[in-house]
Amino acid sequence: MPVEGVRRPAWAEISASAIAHNVRALKSVMGDSSFCAVVKANGYGHGAPLAAKAALDGGADSLAVAIVDEGIELRGAGVTTAILLLAEIPPETIPDALAHELTLTIGSLDGARAAVASAEKIGGRHRVHVKVDTGMHRMGVAPDHVDGVVDVLLASPAIDLEGLYTHFSVADGSSAEDRAFTRTQIKSFDEVVAALASRGVAPRVVRSANSAGALGYPEARQSMVRVGLSLYGYLPQGWLSGALEEKKQKLEAALSLRAQVVAVRRVVAGERPSYGRSRALEHDATIATVPFGYAGGYPRRLFEAGADVLINKRRYPLAGNVTMDQLLVDVGDDVVAPGDDVVLLGRQGDEAITAEDWANWANTITWEILCGIGARVPRVLVE
């Protein structure tokens, strides 16, 4: 297991109450659809067991992860609710998945056959969901091949064909083209559902909607929504806020990154702090060292992008390139001392820095920022 830096003044604070609130806020929009909380990638950087338990406390009905090991981790943490694997897994890992009562995703004919073989060998009855590729073209069964896959699954008494689902590729897009494509995906999936129903096959769980789909396309909510990013307090795109605003709801960011100043020094104008000596100081300044760098998930490009940190309720710019383990901060002539609190992500006084700010500075997406927070950063549960 990765080592957490518990003896170092840098940590992530995770608000269980914020995650639970977000579930309740989103459920107020989703109507009768059940709620699957996606806690893959270490709970989008928040800590999977912490995120899972908070989501369940908020009313989530089930969980989803990406890989078998993530599901096993949750079982080891005492989670007993249904856990879906969001991708088809290699045949050799199926026995471990079934032994831990993880729900399989089936994305191919070969995958269906492998699931049947393992399930029949183990005995009992095991839930699976079939993923349909309606245009993402990453994983899943082509619509015209679904019947063959379903036939293999239904022929086995060891298989419970519980679910059918698809995944949107541009549900967060606001352009006419993106919205038209998403509706094409919805139509394609609905046709598969209808074709199976005509055969008397009606999986209990039918779902299309990720966070963006659930908020932007009410027709995609069906019997279940699976929510990832919004569970943690962020919208995939700002235009998706309308559904929440109608219910007078607002999401709360669940994670903040904090540290403490570990050193200060006075540096004269013209000096070039940090690796690369990229930028000369325009004035004499106090430089504060903060024990958080790119190994913890602070992107190097945030320096050139003009990122700030918060110290003593004020914004300060970086003084030089981000290093593996430290940041250098230009606090000018202000008095800053070792032990002073630093906020890298989150709120301090009236100022706030969000994961969306980082994403904009780094020219990336909020998902990557949250998932990039390093394993050695301890996650501290706060209320």
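Derivation of every value follows stated rules applied to the coordinates shown; laboratory data play no part. Since the structure is predicted, the reported quantities are computational estimates derived from the model, not experimental observations. For neighbour counting, all protein chains shown are included, and Cβ atoms are generated from backbone atoms with ideal geometry for every residue, glycine included.
Observations, loosely collected:
- Taken over the alpha carbons of the chain as equal point scatterers, the Debye sum produces base-10 log I(q)/I(0) values at 0.08, 0.14 Å⁻¹ of -0.48, -1.14.
- Gain in span if fully extended, ASP110 to TYR275, counting 0.36 nm per residue against the direct Cα distance: 54.3 nm
- Mean ellipticity per residue at 222 nm, deg cm²/dmol - from DSSP H runs of n ≥ 4 across the chain, formula -39500 (n - 2.57): -9000 deg cm²/dmol
- Computed as a quarter of the hull surface, the mean projected area of the alpha carbon convex hull for the stretch 255-382 stands at 7.4 nm².
- Lysine pair count for the chain [Cα-Cα under 27 Å; pairs on different chains or 8 or more apart]: 17
- Remark: relative contact order (the chain) = 19 percent; criterion is Cα-Cα distance under 8 angstrom and separation of 6 or more residues.
- A simple packing score, the average count of other Cβ atoms within 10 Å per residue, orders the peptides 46-56, 119-129 as 46-56, 119-129, with the highest score first.
- Extension gain, ALA337-LYS250: 0.36 nm per intervening residue step, less the Cα-Cα distance, totals 27.7 nm.
- Fully extending the segment from ASP284 to SER188, taken as 0.36 nm per residue of separation minus the present Cα-Cα distance, adds 28.2 nm.
- Rounded, prolate or oblate (a/c below 1.5 giving rounded, otherwise prolate when a/b exceeds b/c) for the stretch 31-245 by Cα gyration tensor: oblate
- Where trypsin sites (Lys or Arg not before Pro) fall in DSSP loop in the stretch 179-279, at most 14 other Cβ within 10 Å: ARG199, ARG204, LYS247, LYS248, LYS250
- Peptides ranked, highest mean first, by Cβ atoms within 10 Å: ranges 108-114, 151-157, 35-41, 15-21: 35-41, 15-21, 108-114, 151-157
- Considering only SER211, SER274, SER198, the mean-square fluctuation computed in a Gaussian network model of the chain, springs between alpha carbons under 10 angstrom, is largest for SER198.
- Tensor-based shape of the stretch 2-109 (alpha-carbon gyration tensor, a/c under 1.5 rounded, otherwise prolate or oblate): oblate
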